[in-house]
Number of protein chains: 2
Amino acid sequence: MAATIRDVARRAGVGLGTVSRVLNNSPLVSPVTRERVLDAIAELRYSPSQIARSFSSGKTLTVSVIAPFFTRPSVVERLRGIESALHASGYSLVVFNVETAARRDACLHDVSRHDRSDGVLIISLTPREDEIMLLREAGTPVGLIDTEAEGMYGVRIDDVYGGELAVRHLLDLGHRRIGFVGDSEAEVQDFNFTSSRHRQIGYLKALDALAITPPPEYQRYGVHGRYEARLLARELLQLAEPPTAIFAASDTQAMGVLEAARDQQLRVPDDLSVVGFDDIDVAEYLGLTTVYQPLFASGKRGVEILLCLIAGDLPEPPSEVLPIKLVARGTTAPPA
Amino acid sequence: MAATIRDVARRAGVGLGTVSRVLNNSPLVSPVTRERVLDAIAELRYSPSQIARSFSSGKTLTVSVIAPFFTRPSVVERLRGIESALHASGYSLVVFNVETAARRDACLHDVSRHDRSDGVLIISLTPREDEIMLLREAGTPVGLIDTEAEGMYGVRIDDVYGGELAVRHLLDLGHRRIGFVGDSEAEVQDFNFTSSRHRQIGYLKALDALAITPPPEYQRYGVHGRYEARLLARELLQLAEPPTAIFAASDTQAMGVLEAARDQQLRVPDDLSVVGFDDIDVAEYLGLTTVYQPLFASGKRGVEILLCLIAGDLPEPPSEVLPIKLVARGTTAPPA
DNA sequence: TGCTACTATGGAACCAGTTCCAAGATTACG
DNA sequence: CGTAATCTTGGAACTGGTTCCATAGTAGCA
């Protein structure tokens, strides 16, 4: 059907190797011959088979990315960074969406086969000991985004510090009763998500610096999302002594908190201050005070690190930390 | 390095073909032999090379999807439907994000090579005459999502009817001065997006049924997004005789309209009614009246159609139309 | 028992590139 | 002019599966 490299060779009256050399821009071809080959390629409307190429060269020019809940705005933005950097390098992007623990394990396992892609990017999921072994054995280059693991390379932020930033802002405004809304134990377990937990540690650290120990009932956990966060915040606000401010582990959860405040006829920020995390697109719209993290850049940088590994170099430092900052908007104010 | 099918054959003391038959669950293998081969596979920790498999069989078990602006919430939701259906069928998903006209053309061209993937899904972009030819010549199966084209298969909604639904709702409430905010001419041209235009036709049709002809200045166009929509809505609201209701071609644009209303100290829905389109996740949060369309289902159905084409069947009807409905929430009310 | 029909099996040929070695052509230089 | 070094070139071998044909084995049946 379609022309092959041999057809081109015959047509141009040259050898197989010569056509291959032309295709790969080898300098070992005389200008005259190159021209002749290019003519033959044009005449036959020849286009080399990518699969055959991958097969014989062992390179697929493809990168897999494992993204948990890839509809979450923060993940989407990272993906956009990944896609843009990858495309610029001529790589294709294969996406795996992980929404269950089983799928998480299956994906990590599949991808370690180092067969269909030249490398793997893992977003937010922290590989376990045995999975790290598997990936290393298979020799699959891996870049981690938004997480870190022993002996692996990647890019992340300091979530503990981010939590501190958020809560210090509330403390500076004069708040002392500060609640926390974060991911459920189950999610942390199932997916090995760490950011909510780390942000909470920052929350505790900031409070501890002022010798404040928040009561356990001020810290609530639920399945990630607006809906659950709304319920958790409602519980917080119905306490005998409710918090005057709530730090949510993500902007999405902060939106749930805002809904709960609305439900209780509380004005934000007059009656309740709210801080989120991530600075997703809609945060600006809502005037939500939050902690900004460079989502797009994390994807881009993750790709750079991975391509580095694929090329055989070792990036330095292994785990790069991107800067974050507090963005004060309209959902925080001094307590009444 | 890694074991090959020949190693397995040698180890199991059988022929090449037999191992291949075991791998492909051919019934033409005796239970005893099958067992022996499976043992050898386990002992050698053999796992067949996907690339070699694709190469020799011609199937890649991969589908490409071309998604314009894949961070837009509506696109993300479609992608989620695609990923879920594709994964259930054992296919991998290669994503191309299109954000410029040049990239649009390049992607459509690349993908038509029918080499790296068994089929292509195209979201919202309508292939042009020559592109259809190219795809047909290459024999690449194509599924269209959110658009249609002569002789091609896919799934979509009736955008004209959607626009009618939205505007009829406003008319029923008593509005007569109704503005429209949609995509810019440039976008429609560059990407061959059709939905904004079709929704506007629905808008005109609904008004026409009541013999209303909206003045040209009531219809504004700008680059898709919250920011531009806000500016356009501001212009509308500053007219000598401003509209009492605005229909935005998407929820994202409706959010811009809401911002503009806020800027002008207008209360929604008392002073201004707003209707969006798509019913993205955040619409519910905002209490936005909008037109619901099955985004997730469109992705899923698109995959089903594509797999059908890959299998060599022709789906009926060629262009399937999914149901939509108006979701009345808090941003619409009778005019003051 | 002999013939047929079907099952089970082995392995060559094939897919379309890349890689690398051998060899011919050309140039450089003493 | 002869020899070495360098530049070009051709094509066999290789990548790891699938496919299909030939053949051996076996059961069914008259």
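The values are calculated or read from the model by the stated rules, or taken from the named source; none is laboratory data. Note that the structure is a prediction, hence the values are computed from the model and not measured. Positions of Cβ are backbone-derived with ideal geometry, glycine not excepted, and every protein chain shown enters the neighbour counts. Note: areas computed on protein heavy atoms with side chains; ligands, DNA, RNA excluded. Shrake-Rupley method; radii C 1.70, N 1.55, O 1.52, S 1.80 Å.
Annotations
- Checking each residue in region B:282-300 for being closer than 19 Å to B:Ile145 by Cβ, within 14 Å of chain A (Cβ to nearest Cβ) and of a type outside the set (Phe, Trp, Tyr) picks out B:Leu295, B:Gly299, B:Lys300.
- If only residues of region B:301-319 that are out of contact with any Lys or Arg (no Cβ under 9 Å at 6 or more places or on another chain) and over 10 Å from B:Gly143 (Cβ atoms) are counted, the one that is surrounded by the most Cβ atoms within 10 Å (Cβ to Cβ) is B:Pro318.
- The set of residues from region A:51-68 being more than 9 Å from every other protein chain (Cβ to nearest Cβ) and out of contact with any Phe, Trp or Tyr (no Cβ under 8 Å at 6 or more places or on another chain) comprises A:Arg53, A:Ser57, A:Lys59.
- Checklist (1) in contact (Cβ under 8 Å) with a residue 12 or more places away in the chain; (2) within 16 Å of DNA strand C (Cβ to nearest atom) applied to A:Ser54, failing item: (1)
- Residue in region A:128-141 that is surrounded by fewer than 18 Cβ atoms within 10 Å (Cβ to Cβ) and modelled with pLDDT of 95 or more present: no
- Every residue from region A:104-125 that is among the basic types (Lys, Arg) and more than 19 Å from the chain's Cα centre (by Cα): A:Arg113, A:Arg116
- Test: residue in region A:246-254 that is without any contact (Cβ under 8 Å) to a residue 60 or more places away in the chain and either surrounded by fewer than 21 Cβ atoms within 10 Å (Cβ to Cβ) or not hydrophobic (A, V, I, L, M, F, W, C) (or both): no
- Each residue in region A:174-225 was checked for being closer than 17 Å to A:Pro242 by Cβ, part of a helix (DSSP H, G or I), open to solvent by less than 80 Å² (accessible area, probe 1.4 Å) and not aromatic (Phe, Trp, Tyr), and 1 pass.
- Filtered residues of region A:319-336 (kept if in contact with an Asp or Glu (Cβ under 8 Å, 6 or more places away or on another chain) and among the hydroxyl-bearing types (Ser, Thr, Tyr)): A:Ser319
- Qualifying residue in region B:281-288 (condition: in contact (Cβ under 8 Å) with a residue 12 or more places away in the chain, small (Gly, Ala, Ser) and out of contact with any helix residue (DSSP H, G or I) (no Cβ under 8 Å at 6 or more places or on another chain)): yes
- Scanning region A:251-268 for residues being more than 14 Å from chain B (Cβ to nearest Cβ) and of a type in the set (S, T, N, Q) gives a total of 2.
- Helices (runs of 4 or more DSSP H) wholly inside region B:1-118 that include at least 3 residues being of a type in the set (A, V, I, L, M) and open to solvent by less than 20 Å² (accessible area, probe 1.4 Å): B:5-12, B:73-88
- Test: A:Arg128 is over 30 Å from B:Thr62 (Cα atoms), charged (D, E, K, R) and more than 10 Å from chain B (Cβ to nearest Cβ): no
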